[in-house]
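First comes the structure, then the notes that go with it.
The values are calculated or read from the model by the stated rules, or taken from the named source; none is laboratory data. Predicted, not measured: the structure shown is a model, and the values here were computed from it. We place every Cβ from the backbone using ideal geometry, glycine too, and count neighbours over all the protein chains shown. Just so you know, the surface numbers come from the protein's heavy atoms only, side chains and all, with ligands and any DNA or RNA stripped out. Shrake-Rupley method; radii C 1.70, N 1.55, O 1.52, S 1.80 Å.
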Amino acid sequence: MIYLDNAASSFPKPEGVAEAMSEAVLHYGANPGRSGHRLSRKASSVIRDCRKELAALFDCQKEDRVLFYQNATTALNQAISGFPFQKGDHIVATVFEHNAVRRPLERLRKEKGVEVSYMEPDETGSFTKGVLESALKPETRMVVATHASNVTGEILPAAQWGEVLKQRKETVFLVDASQTAGIIPVSMNDGIDMLAFPGHKGMLGPQGIGVLMVQPGIELTPLIYGGTGSHSEEPGQPDIWPEGMESGTLNTPGIAGLLKSAQALKAVGVKKIGEHERILGQMLADALGKINGVRVFSGKGERLGVVSFLIEGVDAHETAMILDQHYDIAVRSGVHCAPLSHQYLDTSKSGLVRASAGLYNTKNDIQTLARAVEEIKEGLLG
């Protein structure tokens, strides 16, 4: 199969990821941080190594502020719902947000009386520093933004926005790097206070593990209370990082796999990976743009290897089904858990077909997809 659904979950994984997970299960499958025997110590050491590796990769100031969760959705919920918002506070987000951000924000609006604004691109179709500056208010406590659209692949100027927000000590900057972590360089030194991402997308790791990084000075209330492996005699949740923010047994096999994939990313080079995917994405956008009757939705300026399209007169789900069943090509159709993006693009009713390139895709994969789309269009519409 030609796999072009990497924006949902990358596949295949680098050599060694599955082996690292298997080793955790077979050779040191004990509970990390809960016992003093050598198997438990081994599990704990792998988790510490992963925190250290990720802190260095993303410039998080303290390793104990690298938190592990089930996925990016849980990490984002912890960052948003665990922040001490008060009635009347203001949050700025974008129309490109995934539901993992939008729905927690809408819950805060309903339950806490927090105001939420969703920024749209300017008249040129771009997100600029000015777009952010015009959205800010004295009451703005948080700016939360996806680093790149999971529909068009457009990369938002997180570093520029971070520079603006560095001047506003009362405003926290949360970046959802679900589409960019492991694909383009991301540094928390660029004014990012909190950074969330999954292990299974650009990081090339396994499903079932997500990460939230929090710079010192940002305090959160845990969403989950329970066992932390220390201070067990206390009735309340201990105010210690990372243990107090990670109740329950961690996913050691998943973290072991993420550690191995992070090391693989470093060996290949994040910039190299991003350029490879960008070239494939541009190649696909150009090829599809030459087919009469095919509408292409691709980011302006700096972008990822993510391209969405629609054959006019053909249902998006039908296109994806034909690609899967007749051409052995995996893509994704629908609204991609990003309804505000589709409202902005005016594609809410039709949805779109999304192809997303990964590290292991080739130019031949892209050419094959483009030919398949043309054949589907000709076969169904003439």
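Diffusion coefficient of the stretch 223-382 by Stokes-Einstein, Kirkwood radius over Cα pairs, 37 °C, 0.692 mPa s: 174 µm²/s. Stokes-Einstein, applied to the Kirkwood radius of the stretch 62-146 over Cα pairs at a viscosity of 1.306 mPa s and 10 °C, places its translational diffusion at 115 µm² s⁻¹. Packing-based ranking of 170-177, 272-279, 254-261, 78-85 yields 254-261, 170-177, 78-85, 272-279, ordered from highest to lowest mean Cβ neighbour count within 10 Å. The three principal axes of the Cα atoms in the stretch 126-252 give end-to-end lengths of 53, 37, 21 Å, sorted in falling order. Charge tally around LEU304: other residues with Cβ under 15 Å, Lys/Arg +1 each, Asp/Glu -1 each, net +2. Computed from the Kirkwood radius of its Cα pairs, the Stokes-Einstein diffusion coefficient for the chain at 37 °C and 0.692 mPa s stands at 152 µm²/s. Cross-linked pairs LYS62/LYS271; LYS201/LYS290; LYS62/LYS169; LYS129/LYS166: Cα-Cα separations exceed 18 Å for LYS62/LYS271; LYS201/LYS290; LYS62/LYS169. Taken one residue at a time, the phi angles of the stretch 190-201 give Karplus couplings (6.51, -1.76, 1.60, θ = phi - 60°) of 7, x, 8, 8, 9, 9, 10, 6, x, x, 9, 9 Hz. Gly and Pro are set to x. Computed from point charges on the beta carbon alone (+1 for Lys and Arg, -1 for Asp and Glu), the dipole magnitude for the chain about its Cα centre is near 520 Debye. Under 16 Å from a point placed 7 Å out from the Cα of SER117 along the Cα-to-Cβ direction: which residues of the stretch 66-103 have their backbone N that close? It comes to 88-96, nothing else. Across the accessible surface of the chain, with the other protein chains kept in place and a 1.4 Å probe, carbon and sulfur atoms take up 49 percent.
Solvent exposure of the stretch 323-382 amounts to 47 Å² per residue of accessible area, where only protein heavy atoms count and the probe is 1.4 Å.
Dipole check for the stretch 259-382: with +1 at the C-beta of Lys and Arg, -1 at the C-beta of Asp and Glu, and the Cα centre as origin, the magnitude is about 640 Debye. The DSSP beta bridges internal to the chain are antiparallel in roughly 55% of cases. The solvent-accessible area of TYR118, taken with every protein chain present and a 1.4 Å probe, is close to 60 Å².
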